[in-house]
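What follows is a short report on a single structure.
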């Protein structure tokens, strides 16, 4: 085999480059390696150059499998190359090295004249990397959750040499008056797909659909990991002091009853399986996401106690035109979201009085990227002009995406035809009167069970709210932009539709 072979890029062994003129166009490194993949080989030495600020222990976690002979009879050249490929891809996922800075070079280790002859090739491996800047400042605009914001951000990478990251962010937006958070995260045991993060936060958000502002102060501890099949999991504990304040003069009795302070202590698990070809403009594939939260029960303390679950499933299929082999850019998609909030007694009791849910814990439904054709928070229970949310909901949509004439199937701009529907229901609970305390509204466990069961059954009682329309979709890499003309077709009493043009910008959509 060749005395030296070099590779560049983060997927090093997959893209060999000719190292010298000694290899002709018909016998380059890739051809040579393919011919010798079964040749017995082992690693004599492995060196990493350019990782001046990275700890040796982190590199050992990544490259130890390359050096060790896992098979009893030794390894082949092909196995060594596969291990190098896995190791360099793993190293790239730490996000502390420049992708274009990776280079992998293999050479045959020199032998002494007195060494006994052997059919095994000893390899010296040299890996070259370029570290990213350790301190980065940025400012710009961001979109998501039906609002736009301006932000400044400072990120410190690889603080202690183990791919740790400290991010400090400040932002102000159309609904979020101010938001500050600082997050420190670190990989566990040298694994880029297993990270622990600690976050401190403070924010103030306007909620005009319910005549109040909400201030949050607290923090959370998160453990995030990827499974072997690339499913994402996040397990987090959060403790947040919440202040429902800034009530307008026309705030409803329901909003006034929940005004003031509350402390939420909860554990949340989020599961995401994303197999879409494009998260902002899916033409094929599917998304499955579940969010499960437990607050105020067992060892968890606080003023609120409930179990809350939300499930989302969506998918898209490309449509092929008869007689054409090229992709048409036409696709049909559908989505479904379901959610339930179940009030619980505090402590370890499974039975006993449970407080009704608060407005800042209940679901809200409607909006330009949710159930289109309805105002933000326009669906579900209302108290006067205030959308007070619900404990059980279901929402679904179907749509078709078509390329615009003379634009082409690869353009991020699409024409959208859609129809979506939703229903948001609250548990039957006593209405607050005067200065009645929340303790006076407590429900027994049997009452809660009957209330949740009745609310679930109510989802199918009569036609759900329905809207249809047509619009334009633009898939930017960081957000999805929609300009739709919507027409509410079914509107339940008290709900607020939105006939006409509706603009939506965000990263989550139905």
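Filter the stretch 462-479 down to the residues that are modelled with pLDDT under 90 and part of a strand (DSSP E or B) and list them by number. Listed by number, the residues that qualify are 476, 479.
Determine whether the stretch 437-446 contains at least one residue that is assigned to a loop (DSSP other than H, G, I, E, B), at pLDDT below 90 and under 30 Å from the mean Cα position of the chain (by Cα). No, the stretch 437-446 has no match at all.
Residue count for the stretch 214-225, restricted to those that are surrounded by fewer than 16 Cβ atoms within 10 Å (Cβ to Cβ) and more than 13 Å from the chain's Cα centre (by Cα): 3. Selection within the stretch 296-309: residues that are in contact (Cβ under 8 Å) with a residue 40 or more places away in the chain and surrounded by 16 or more Cβ atoms within 10 Å (Cβ to Cβ). The member of this set that is nearest to the chain's Cα centre (by Cα) is 308. Among the residues of the stretch 281-290, is any over 30 Å from residue 316 (Cα atoms) and either at pLDDT 95 or above or in contact with a helix residue (DSSP H, G or I) (Cβ under 8 Å, 6 or more places away or on another chain) (or both)? No; the residues of the stretch 281-290 include none that is over 30 Å from residue 316 (Cα atoms) and either at pLDDT 95 or above or in contact with a helix residue (DSSP H, G or I) (Cβ under 8 Å, 6 or more places away or on another chain) (or both).
Residues checked against (1) touching a residue at least 40 places away in the same chain (Cβ under 8 Å); (2) surrounded by 15 or more Cβ atoms within 10 Å (Cβ to Cβ):
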| site | (1), (2) |
| --- | --- |
| 227 | no, no |
| 231 | yes, no |
| 234 | no, yes |
| 243 | no, yes |
| 250 | yes, no |
| 260 | no, no |
| 265 | no, yes |
| 268 | no, yes |
| 276 | yes, yes |
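In the set 379, 365, only one residue is surrounded by 23 or more Cβ atoms within 10 Å (Cβ to Cβ) and free of Cβ contacts under 8 Å to residues at least 60 places away in the same chain; that residue is 365.
Taken together, the residues in the stretch 157-169 that are at pLDDT below 95 and within 19 Å of residue 180 (Cβ to Cβ) amount to 1. Within the option set 414, 372, being touching a residue at least 60 places away in the same chain (Cβ under 8 Å), surrounded by 17 or more Cβ atoms within 10 Å (Cβ to Cβ) and either in a loop (DSSP other than H, G, I, E, B) or touching a helix residue (DSSP H, G or I) at 6+ places or on another chain (Cβ under 7 Å) (or both) holds for one residue only, 372. Does residue 328 fit the bill of being without any contact (Cβ under 8 Å) to a residue 60 or more places away in the chain and surrounded by fewer than 23 Cβ atoms within 10 Å (Cβ to Cβ)? Taking the combined requirement at face value, the residue does not satisfy it. Of all residues in the stretch 160-185, count the ones that are in contact (Cβ under 8 Å) with a residue 24 or more places away in the chain, in a strand (DSSP E or B) and surrounded by fewer than 16 Cβ atoms within 10 Å (Cβ to Cβ). Adding up the residues that qualify gives 2.
Cβ-Cβ distances below 6 Å connect the following pairs, each with a first residue in the stretch 336-349 that is within 18 Å of residue 441 (Cβ to Cβ), a second residue that is part of a loop (DSSP other than H, G, I, E, B) and at pLDDT below 85, and a separation of six or more residues or different chains: 345/352. Which ones in the stretch 89-108 are in a loop (DSSP other than H, G, I, E, B) and either more than 14 Å from residue 47 (Cα to Cα) or free of Cβ contacts under 8 Å to residues at least 60 places away in the same chain (or both)? Passing the criteria: 93, 94, 95, 96, 98.
The values are calculated or read from the model by the stated rules, or taken from the named source; none is laboratory data. Here the structure is a predicted model, which means the values were calculated and not measured. Cβ sites come from the backbone with ideal geometry, for glycine too, and all protein chains shown count toward neighbours.
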